[in-house]
Number of protein chains: 2
Amino acid sequence: MAFFYSPDISSPYITLDAEESRHCVKVMRLREGDTLEVVDGCGRLCHCSVVRPDASGCVVAVERCEENYRVRPFRLHLAVAPTKNTARIEWLVEKAVEIGVDEITPIVCDHSERNIQKVERLHKIAVSAMKQSQRAMLPALHDAVDLRSFVGRYAADRATVRMVCYCEGDQRVPLSSVYSAGSDAVVLIGPEGDFSKEEIDMTIAAGFAPITLGDTRLRTETAALYAISALNFMNER
Amino acid sequence: MAFFYSPDISSPYITLDAEESRHCVKVMRLREGDTLEVVDGCGRLCHCSVVRPDASGCVVAVERCEENYRVRPFRLHLAVAPTKNTARIEWLVEKAVEIGVDEITPIVCDHSERNIQKVERLHKIAVSAMKQSQRAMLPALHDAVDLRSFVGRYAADRATVRMVCYCEGDQRVPLSSVYSAGSDAVVLIGPEGDFSKEEIDMTIAAGFAPITLGDTRLRTETAALYAISALNFMNER
């Protein structure tokens with residue numbers, strides 16, 4: 001079952017964009033009458049059939065739509081410091097979308113790299129991962145923000161389980177001791193040099209729980225993926 | 001704290017190999033008397049000090065050793081079909097070592113690629129991930145084997161929780177319904193085209209539990225990482 005992406009599927013007919021049209025007609029070789037699934041990135045899945053197999057603008061007819069297709073039972077916002085190696089963040093976005101995340105925000109920290117990536121490129125990776133994993137919801141990829149302003153936004157949000165993960169410190173507790181299935185979550189993952197002492201104190205003072213992800217030192221992108229996997233796993237049972 | 005690797009640290013003095021010596025002297029710029037940690041990949045961590053900072057053969061004195069350093073509370077064997085894109089398996093090995101695994105075996109399945117990778121290259125990646133994540137245990141990287149012979153080896157091993165993960169089928173149950181913390185585990189992850197019907201039946205008949213990792217379609221390496229994360233997470237609490 002091939003998934004295609006079209007951000008606007010309001011009308012009974014959809015014209016896929018150039019890239020999706022090429023993939024549909026040239027790569028998948030779909031012909032008139034062939035069926036395909038089109039997702040809008042906002043939770044809607046439409047069962048469609050090809051009307052005009054045009055490789056530059058393939059037209060498909062919408063036959064039936066499902067709303068909130070495979071929607072996850074909780075919202076997860078990952079706030080992560082950019083890595084020195086941009087391939088690692090691109091890889092993280094792909095895996096995070098496959099496993100399940102709703103928002104990703106790059107955070108600028110005292111020790112973090114400044115090479116913030118183009119959101120457009122990460123968007124392409126997210127779209128492809130969404131289709132590949134047969135999801136209909138595209139995570140929001142936000143522009144980079146300063147850690148302090150990000151934390152400030154969540155300071156009053158007691159309904160969301162807010163967690164800051166870092167490598168050393170006695171006050172840290174396991175993720176499972178503060179999070180329970182069904183709750184929305186926001187997870188902070190620090191840079192290669194970890195959060196500074198001041199950043200950790202500030203974040204905890206704002207209501208974030210200090211979290212340990214185990215006794216080994218995980219790379220930034222590995223820690224993020226491990227936390228995302230654990231939270232989705234807790235919601236699966 | 002810098003970790004170095006030396007497979008043989010039986011004597012009171014260790015001569016690091018060329019690569020580790022260069023890293024120690026040229027990159028980390030350690031000098032005579034500086035302290036460092038050396039792991040043997042078998043669970044032993046030695047606190048050492050530099051005796052002769054030679055970039056081609058750095059000699060260090062062993063001061064104190066810890067056995068079973070940060071040993072995990074269960075054994076995990078990942079058996080995974082090779083991916084078309086070898087970079088994805090290399091990435092998987094790096095992440096699996098960071099998060100925690102004891103053995104990795106590439107399995108040749110009806111639908112799997114035949115491009116088995118050189119174990120030497122994966123060994124290098126595993127060593128670097130072990131040092132980076134500050135572990136002392138290096139997972140065993142086995143040569144590729146046929147799925148049937150792999151499953152045969154575990155057919156009588158009722159003490160290990162044996163699981164086969166695949167994408168579609170009503171009999172699949174969540175991982176948490178068959179696995180409980182402290183048990184040893186072996187996880188089978190199929191190729192891009194998934195296991196064949198015959199392979200699934202044969203594996204289940206041999207005592208492997210049919211597992212679902214959720215309702216989305218995860219890539220081979222993502223499914224493996226997710227399962228490894230979930231199993232380590234269950235053992236952390």
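The values are calculated or read from the model by the stated rules, or taken from the named source; none is laboratory data. All of these numbers come straight from a predicted model, not from anything done at the bench. Every residue, glycine among them, receives a Cβ derived from its backbone with ideal geometry; neighbour counts consider all protein chains shown. Heavy atoms of the whole protein, side chains included, go into the accessibility calculation; ligands, DNA and RNA do not. Shrake-Rupley method; radii C 1.70, N 1.55, O 1.52, S 1.80 Å.
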For this session: Those residues that are surrounded by fewer than 24 Cβ atoms within 10 Å (Cβ to Cβ), more than 10 Å from every other protein chain (Cβ to nearest Cβ) and either more than 8 Å from the chain's Cα centre (by Cα) or at pLDDT below 95 (or both), I need them from region A:91-105; list them, please.
Result: A:T105
For this session: Scan region B:16-43 for residues that are within 19 Å of B:A136 (Cβ to Cβ), touching a strand residue (DSSP E or B) at 6+ places or on another chain (Cβ under 6 Å) and open to solvent by 50 Å² or more (accessible area, probe 1.4 Å) and report the count.
Result: 1
Exercise. Any idea which of A:D34, A:D40 is more than 30 Å from A:V108 (Cα to Cα) and free of Cβ contacts under 8 Å to residues at least 40 places away in the same chain?
Worked result: A:D34
Exercise. Is one or more of the residues making up region B:148-162 out of contact with any strand residue (DSSP E or B) (no Cβ under 6 Å at 6 or more places or on another chain), within 30 Å of A:E90 (Cβ to Cβ) and touching a residue at least 24 places away in the same chain (Cβ under 8 Å)?
Worked result: no
Seminar exercise, completed: For region B:158-181, the count of residues that are farther than 21 Å from B:A81 by Cβ and either in contact with an Asp or Glu (Cβ under 9 Å, 6 or more places away or on another chain) or among the small types (G, A, S) (or both) equals 6
Exercise. If you go through region B:179-205, how many residues are within 22 Å of B:V108 (Cβ to Cβ), in contact with a strand residue (DSSP E or B) (Cβ under 8 Å, 6 or more places away or on another chain) and not aromatic (F, W, Y)?
Worked result: 9
Problem set entry | Given (1) of a type in the set (D, E, K, R); (2) within 13 Å of chain A (Cβ to nearest Cβ); (3) open to solvent by 50 Å² or more (accessible area, probe 1.4 Å), number of the condition B:R75 does not satisfy | (2)
For this session: Check whether at least one residue in region A:110-122 is in a helix (DSSP H, G or I), in the same structural domain as A:A223 (by TED's automatic domain parsing) and surrounded by 18 or more Cβ atoms within 10 Å (Cβ to Cβ), and report yes or no.
Result: yes
